[in-house]
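Here's the structure we're looking at; comments come further down.
The values are calculated or read from the model by the stated rules, or taken from the named source; none is laboratory data. Given the structure is predicted, the values throughout are model-derived calculations rather than measurements. Here the Cβ positions follow ideal geometry from the backbone for every residue, glycine too, while neighbour counts run over all protein chains shown. Protein only, heavy atoms only, side chains kept; ligands, DNA and RNA dropped before computing areas. Shrake-Rupley method; radii C 1.70, N 1.55, O 1.52, S 1.80 Å.
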Amino acid sequence: MTETVQRAAPVPWYRRAMRWGQTNITEIDPIRYDIDWWRRQWRRTRVQGIIVNAGGIVAYYPSGLPLQHRAEYLGERDLFGEIAVAAREEGLAVVARMDSNRAHAPFFEVHPDWFARKADGTPYRAGDLYVACIHSPYYEHYIPQVLHEIIDRYRPDGFADNSWSGLGRDSICYCDCCQRRFREGTGLALPVTVDWDDPAYVAWVRWSYQRRLAVWDLNNGTTRAAGGPDCLWVGMNSGDILGQSRSFRDYRAICARSELVFLDNQTRRAATGFQANGDMGKLIHGLLGWDKLVPESMAMYQSPAPTFRVASRPEPEARMWMVEGFAGGIQPWWHHIGAYHEDRRQYRTAESLMQWHERNETYLVNRSPVASVGIVWSQENVDFYGREAPESRTITPYWGMAQALLRARIPYVPVHADDIGRSDGLAVLVLPNVGALSDCQCAVIRQFVAAGGGLVATGETSLFSGLGERRADFSLADLFGAHATGDHVGSRDPEGASWDAQDAHSYLRLRPEFRATIDGPLTGLEPPVEGERHATLTGFDETDILPFGGRLELVLADPNAIVPLTHIPAFPIYPPETAWLPPGAEAGQPALVLSERSGQGRVAYLPASLDHAFAKDNLPDHGHLLANLVRWAADGRIPLRVSGTGLVDCHLYHQSGRLTLHMVNLSHTG
């Protein structure tokens with residue numbers, strides 16, 4: 001009797017390669033690439049896959065395609081092929097890096113109709129290169145030819161692409177191809193300018209998103225047909241939603257198509273800090289799934305602002321970015337510009353971190369977050385509500401909420417507005433000025449609250465449809481216990497105003513007022529203390545006011561709603577002799593509206609833009625109040641409490657049979 005032995009299918013490269021390396025080859029590198037040294041570096045840093053420049057703008061192999069520009073110093077060398085052979089001898093996955101969006105002058109001269117045009121007919125340029133139109137045969141015929149050639153010669157495991165999505169949202173292409181296809185697809189002429197009230201512009205935005213997805217599908221169809229089902233084409237994607245929106249890259253739709261995400265997100269920004277990397281890891285995994293990998297390009301060189309491509313980034317800066325990525329479920333991928341460096345400090349930065357990752361990788365993958373708070377976001381909100389001011393209207397409020405939860409050590413996950421109904425284990429939804437919500441999304445939010453889920457919403461949340469059309473009232477007014485009047489006072493961005501501007505010097509009044517019983521000078525006119533303060537005002541017992549300085553939506557609160565905060569209108573800040581609370585400051589517009597209904601979840605609606613203000617000003621009072629609102633709405637359902645001093649980012653995860661708390665010490669990281 002013969003026994004049949006069944007062998008498990010091999011794990012594909014995009015599931016097993018946890019650590020990556022990339023030497024971004026420059027055109028001079030063919031005469032100075034020391035493959036033996038880089039092989040030793042691969043071993044020291046425990047990489048399991050490498051990303052190697054292959055073709056597109058520049059070919060690092062002897063291409064047979066006459067219009068593909070060969071690297072200036074390539075000569076007869078096949079640098080890509082040599083590196084691929086060495087990597088395979090080391091047991092590494094090889095991903096061919098493409099850069100497919102521009103071309104040199106000889107290419108343009110042969111196919112001028114393949115390149116993007118301004119309204120006056122002149123071509124779009126990027127330095128000396130010509131920008132290809134994403135609707136042209138450059139993407140539909142030429143790039144697939146390059147992919148086929150590389151697969152036929154080298155059989156790479158897959159492809160990455162650095163700049164695959166063409167012109168951004170600020171540049172409309174008026175080439176003949178775009179004009180024809182847009183009219184065929186929409187029945188409209190291309191818009192003349194950026195105008196969110198123009199149906200043609202809105203149609204162009206949606207049409208442009210669909211084209212990027214079509215390119216994604218085309219390239220994956222090409223590589224899989226030629227290289228097998230695991231030969232994936234993976235265009236690199238941005239590490240922030242605003243960047244994705246400006247490039248017409250629909251993150252949710254891309255993740256639905258992809259087995260992994262190559263994340264091009266190399267460093268922190270002043271406004272968001274290292275913690276942005278952990279947040280982005282959770283956001284992408286929320287779309288992609290926690291069983292898949294998200295390798296991230298982590299620059300060993302100094303970037304951005306100031307950017308020094310061949311100088312080493314300070315080691316603590318690179319290290320903190322990497323460890324925050326680990327906490328958010330991101331896999332490390334060191335990245336150098338060029339194969340030879342006079343500043344050799346950058347070679348040591350990743351070594352210990354990659355070795356630590358190897359030792360602990362069992363705890364860093366195949367895990368699911370344990371969080372009862374979800375911060376809601378969507379690209380539609382960024383585009384159709386954010387419009388000409390997407391950062392101020394959508395990104396900054398999100399970050400204010402995220403920073404408040406981080407400082408309070410409350411674990412959270414980003415939740416796409418279309419995925420609310422599929423997010424298990426959440427006790428609270430936070431909607432930071434999510435102005436654009438569809439009727440369907442609002443219905444799911446109502447179901448969440450009706451089932452006992454808490455809700456914290458701010459600003460103009462639900463005042464606009466999914467495509468940014470203004471409603472007469474908040475769609476969620478029944479939950480908020482408040483109704484829009486269509487008016488507001490103040491601004492989200494008063495910092496550009498002069499010293500005496502009214503926007504910059506407003507306050508919030510806490511009710512009831514306590515100062516009559518708190519040590520301090522008395523006039524005898526202090527209001528008597530009437531009752532107790534609401535739990536959302538815990539920690540503010542010694543003050544009756546909080547600084548504000550932002551935008552307040554003027555709303556009408558329902559008679560049975562609780563209003564523990566009101567607005568004190570702005571008054572002069574300079575000269576200081578005029579800076580005193582004016583008469584009438586005891587009364588004001590609602591700044592916080594709370595609703596509790598039997599059998600349903602608690603709802604906090606904040607007409608005051610404290611989420612935006614906290615991200616901008618970092619005033620502790622703002623962060624403390626935002627965290628209070630979330631705790632109250634959660635009603636005791638936050639699974640983690642961490643005591644002690646310092647700024648610590650806490651990520652709680654579940655794996656089979658165990659919990660893992662990943663903590664990142666962010667104290668003094670400025």
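Structure summary
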{"quantity": "1 or more residues more than 22 Å from ARG269 (Cβ to Cβ) and charged (D, E, K, R): qualifying strands (runs of 3 or more DSSP E) within the range 339-455", "calculated": "none"}
{"quantity": "Qualifying position, being open to solvent by less than 20 Å² (accessible area, probe 1.4 Å), modelled with pLDDT of 95 or more and more than 14 Å from the chain's Cα centre (by Cα), among GLY338, GLY328", "calculated": "GLY338"}
{"quantity": "Selected residue (criterion: most open to solvent (accessible area, probe 1.4 Å)) from residues of the range 48-70 that are without any contact (Cβ under 8 Å) to a residue 40 or more places away in the chain and assigned to a loop (DSSP other than H, G, I, E, B)", "calculated": "PRO66"}
{"quantity": "Members of the range 280-303 that are in a loop (DSSP other than H, G, I, E, B), in contact (Cβ under 8 Å) with a residue 40 or more places away in the chain and not charged (D, E, K, R)", "calculated": "TRP290, MET300"}
{"quantity": "Residues within the range 62-83 that are under 37 Å from the mean Cα position of the chain (by Cα), closer than 22 Å to SER163 by Cα and among the hydrophobic types (A, V, I, L, M, F, W, C), tallied", "calculated": "4"}
{"quantity": "Test: residue in the range 271-287 that is basic (Lys, Arg) and buried (at least 22 other Cβ atoms within 10 Å of the Cβ)", "calculated": "yes"}
{"quantity": "Residues located in the range 107-126, provided they are open to solvent by 60 Å² or more (accessible area, probe 1.4 Å) and assigned to a helix (DSSP H, G or I)", "calculated": "GLU109, VAL110, ASP113"}
{"quantity": "ARG446 vs. criteria open to solvent by 10 Å² or more (accessible area, probe 1.4 Å), in contact (Cβ under 8 Å) with a residue 12 or more places away in the chain, touching an Asp or Glu at 6+ places or on another chain (Cβ under 8 Å) and among the basic types (Lys, Arg)", "calculated": "yes"}
{"quantity": "Residue among VAL630, VAL593 that alone is at pLDDT 95 or above and assigned to a helix (DSSP H, G or I)", "calculated": "VAL630"}
{"quantity": "The range 568-583, residues that are free of Cβ contacts under 8 Å to residues at least 24 places away in the same chain and outside any loop (DSSP other than H, G, I, E, B)", "calculated": "PRO576, GLU577, THR578"}
{"quantity": "Hits in the range 488-515 (condition: open to solvent by 40 Å² or more (accessible area, probe 1.4 Å) and at pLDDT 90 or above)", "calculated": "HIS488, VAL489, TYR507, ARG511, ARG515"}
{"quantity": "First in the range 30-47 and within 16 Å of VAL94 (Cα to Cα), second anywhere and among the basic types (Lys, Arg), Cβ under 6 Å, 6 or more apart", "calculated": "ARG46/ARG19; VAL47/ARG19"}
{"quantity": "Checklist (1) surrounded by fewer than 22 Cβ atoms within 10 Å (Cβ to Cβ); (2) closer than 27 Å to ILE410 by Cβ; (3) not charged (D, E, K, R) applied to TYR347, failing item", "calculated": "(2)"}
{"quantity": "Test result for ARG446, more than 22 Å from the chain's Cα centre (by Cα), among the charged types (D, E, K, R) and closer than 22 Å to ARG602 by Cα", "calculated": "yes"}
{"quantity": "First in the range 629-643 and in contact (Cβ under 8 Å) with a residue 60 or more places away in the chain, second anywhere and β-branched (Val, Ile, Thr) and surrounded by fewer than 20 Cβ atoms within 10 Å (Cβ to Cβ), Cβ under 6 Å, 6 or more apart", "calculated": "PRO639/VAL370"}
{"quantity": "Criterion: in contact (Cβ under 8 Å) with a residue 24 or more places away in the chain and open to solvent by 60 Å² or more (accessible area, probe 1.4 Å) - qualifying residue of GLY623, GLY599, GLY657", "calculated": "GLY599"}
{"quantity": "Pairs with Cβ under 6 Å, 6+ apart, first in the range 380-396 and under 15 Å from ASP197 (Cα atoms) and open to solvent by 30 Å² or more (accessible area, probe 1.4 Å), second outside any helix (DSSP H, G or I) and not aliphatic (A, V, I, L, M)", "calculated": "ARG387/TRP196"}
{"quantity": "Failed item in (1) touching a residue at least 12 places away in the same chain (Cβ under 8 Å); (2) open to solvent by 10 Å² or more (accessible area, probe 1.4 Å), with ARG359 passing the rest", "calculated": "(1)"}
{"quantity": "The lone exception for LEU426 - which of (1) within 25 Å of THR485 (Cα to Cα); (2) open to solvent by 10 Å² or more (accessible area, probe 1.4 Å) it fails", "calculated": "(1)"}
{"quantity": "Verdict on ASP473 being in contact (Cβ under 8 Å) with a residue 40 or more places away in the chain, surrounded by fewer than 22 Cβ atoms within 10 Å (Cβ to Cβ) and either touching a strand residue (DSSP E or B) at 6+ places or on another chain (Cβ under 7 Å) or under 27 Å from PRO199 (Cβ atoms) (or both)", "calculated": "no"}
{"quantity": "Number of positions in the range 633-654 that are part of a loop (DSSP other than H, G, I, E, B) and surrounded by 12 or more Cβ atoms within 10 Å (Cβ to Cβ)", "calculated": "7"}
{"quantity": "Scope the range 127-147; condition within 19 Å of SER208 (Cα to Cα) and part of a strand (DSSP E or B); matching residues", "calculated": "VAL131, ALA132"}
